[in-house]
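Following: one structure in C-alpha cells, then a few remarks.
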Amino acid sequence: LLVSQIGAFREYQLEKAWVWEHQALTRARFVAGDAGIGARFERIRIEVLCRPRELATLGGEILSMRDKMREAHPNDSGLFDLKHDGGGIVDVEFVVQYLVLGHARKHAGLTANIGNLALLKLAATLGLLPDDLAGGAHAAYRELRRLQHAMRLQGERYARVDAARVVQHAQAVLRLWQWVFGNMRPAPVQLGLSL
C-alpha cells in the first residue's frame, strides 16, 4: 500500500517487518506533512530501532541481505565499483546499520539521523568500534562518496575506478567489516583487495 494508518505502520514494523526494513529505518526521516504524524513516526522509528536483538542473528540477517545485494549488482568490468564491491560504500552502510540495530537499545543516541560519518564517530566514542578502525572507515567512506558523486555528476552510469586508485580506502573498509562481522564470516575480497 502507498499509504497506511500510523497504527498499522507501527504494528507492521514491530510484528512483521524484515530486518532489511529495519535497516532502512535507520536512515528514514519524516520530511513533509502533518508535524504530529511526523512526531509519531519518529517515536515508532526509535521504538523499532531500540528493540532488543540477538547480535549473531542480526548479523546473519544483515550478511544475507548483503549477499543478495552483491548478487544483484555483479561487476565483471575489472574495475572497482565504489558502491557495491567488497570494501565499498555499501559495506560501511551495512556496518553502521548493524551497529544501530544491535546497540541502540543501550545507546539511544545511535537512533539520531546524523548520517553514516557521524554514526561511525559516535560508535567509536561509545566504545563499539576501535578509534583507528572508525577513523579509517570514516575517511574511506568520505572519499568513496566524493568520487561517486563526481562520477555521477559527469554522467557516468557506474561509479567504477581502477582498484589501485582506492585500495587504501577499500582496505580500511574491509578491516572494519572484518572486525564487526569477522566471527560470523570473513570480509569479502574484491579485485585483489585484501586486508
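Observations on the structure shown:
- Cleavage-rule hits, chymotrypsin sites (Phe, Trp or Tyr not before Pro), the range 1-81, DSSP coil, Cβ neighbours within 10 Å at most 13: 18
- Just the protein heavy atoms count here, and of the accessible area of the range 1-78 at 1.4 Å, carbon and sulfur take up 57 percent.
- Residue 57 - accessible surface, heavy atoms, 1.4 Å probe, Å² rounded to 10: 80
- Listed residues 157, 53, 27, 66 arranged by accessible area, highest first, probe 1.4 Å: 157, 27, 53, 66
- Computed from Cα atoms, the angle from the helix 89-103 axis to the main principal axis of the chain rounds to 40 degrees.
- In degrees, nearest ten, helix 116-125 long axis to first principal axis of the chain (Cα): 80
- Loop-located GluC sites (Glu not before Pro) in the range 46-92 whose Cβ has at most 12 other Cβ within 10 Å (DSSP): 54
- When you filter the GluC sites (Glu not before Pro) in the range 86-195 for DSSP loop state and at most 14 other Cβ atoms inside 10 Å of their Cβ, you are left with 156.
- Straight Cα distances below 22 angstrom link residue 106 to the lysines 121, with same-chain residues fewer than 8 positions distant left out.
- The Kirkwood radius of the chain, taken over pairs of alpha-carbon atoms, gives through the Stokes-Einstein law at 4 °C and 1.567 mPa s a diffusion coefficient of 73 µm² s⁻¹.
The values are calculated or read from the model by the stated rules, or taken from the named source; none is laboratory data. Here the structure is a predicted model, which is why all the values come from computation and not from measurement. We place every Cβ from the backbone using ideal geometry, glycine too, and count neighbours over all the protein chains shown. Just the protein is used for accessible areas: all its heavy atoms, side chains included, with ligands, DNA and RNA removed. Shrake-Rupley method; radii C 1.70, N 1.55, O 1.52, S 1.80 Å.
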